[in-house]
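The values are calculated or read from the model by the stated rules, or taken from the named source; none is laboratory data. Keep in mind that this is a model prediction, so the values were computed, not measured. FYI the Cβ positions are ideal-geometry reconstructions off the backbone, even for glycines, and counts take in every protein chain you see.
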Amino acid sequence: MVAFTWEHVHLRSPNPEETAQWYHDKLGAEIVRTKMADGSDRIDLNLAGQKVFVAQADPGQAGEAPSSPYMGLDHFGMTVTDMAEAVAELKAKGVAFTMAPKQIRPGTTIAFIAAPQNVSIELIQRG
């Protein structure tokens, strides 16, 4: 069987610079800028080791993101080692929570935050 590994996540944004800055400021993502052959700039992120491409979405080119829940990719999850500390830090940075921390089973607590363009991010603490 062929082995598959993660390559990247691709986001569309009306303002890639602003979106990239949000991920940098709120989640500590490294912003990576690359000059393309056509002279344009490409903005990528290194978000906890995952490549995230942030591409320009011009008006009329892409519709608004649907509200959750919906069919298709619903959210992505990020592990935290201390939920209370993560929540306090993100709230201090003005991050909106769409679900407060909740223990879903013994040893597992989750919460959800809202990112630009209606991206939903799950925070999860296990153990």
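Summary of values
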{"read-out": "Segments classed as strands (runs of 3 or more DSSP E), wholly inside the stretch 46-127, with at least 2 members that are of a type outside the set (A, V, I, L, M, F, W, C), outside the structural domain of residue 17 (by TED's automatic domain parsing) and in contact with a Phe, Trp or Tyr (Cβ under 7 Å, 6 or more places away or on another chain)", "value": "119-126"}
{"read-out": "Qualifying position, being polar (S, T, N, Q) and surrounded by 15 or more Cβ atoms within 10 Å (Cβ to Cβ), among 103, 56, 61", "value": "56"}
{"read-out": "Residue that is nearest to residue 26 (Cα to Cα), among those in the stretch 60-107 that are out of contact with any strand residue (DSSP E or B) (no Cβ under 8 Å at 6 or more places or on another chain) and of a type in the set (A, V, I, L, M)", "value": "92"}
{"read-out": "Residue match in the stretch 109-119 (condition: exposed (fewer than 14 other Cβ atoms within 10 Å of the Cβ) and in contact with a strand residue (DSSP E or B) (Cβ under 9 Å, 6 or more places away or on another chain))", "value": "no"}
{"read-out": "Count of the stretch 16-53 residues which are free of Cβ contacts under 8 Å to residues at least 40 places away in the same chain, on the phi < 0 side of the Ramachandran plot and either surrounded by 10 or more Cβ atoms within 10 Å (Cβ to Cβ) or within 12 Å of the chain's Cα centre (by Cα) (or both)", "value": "16"}
{"read-out": "Pairs where the first residue, in the stretch 1-12, is within 20 Å of residue 74 (Cβ to Cβ) and the second is part of a loop (DSSP other than H, G, I, E, B), C-beta under 7 Å, 6+ apart", "value": "12/57; 12/62"}
{"read-out": "Close pairs (8 angstrom Cβ cut-off, 6 or more residues apart or separate chains): under 29 Å from residue 64 (Cβ atoms) and in contact (Cβ under 8 Å) with a residue 60 or more places away in the chain in the stretch 101-127, surrounded by fewer than 15 Cβ atoms within 10 Å (Cβ to Cβ) and basic (Lys, Arg) anywhere", "value": "none"}
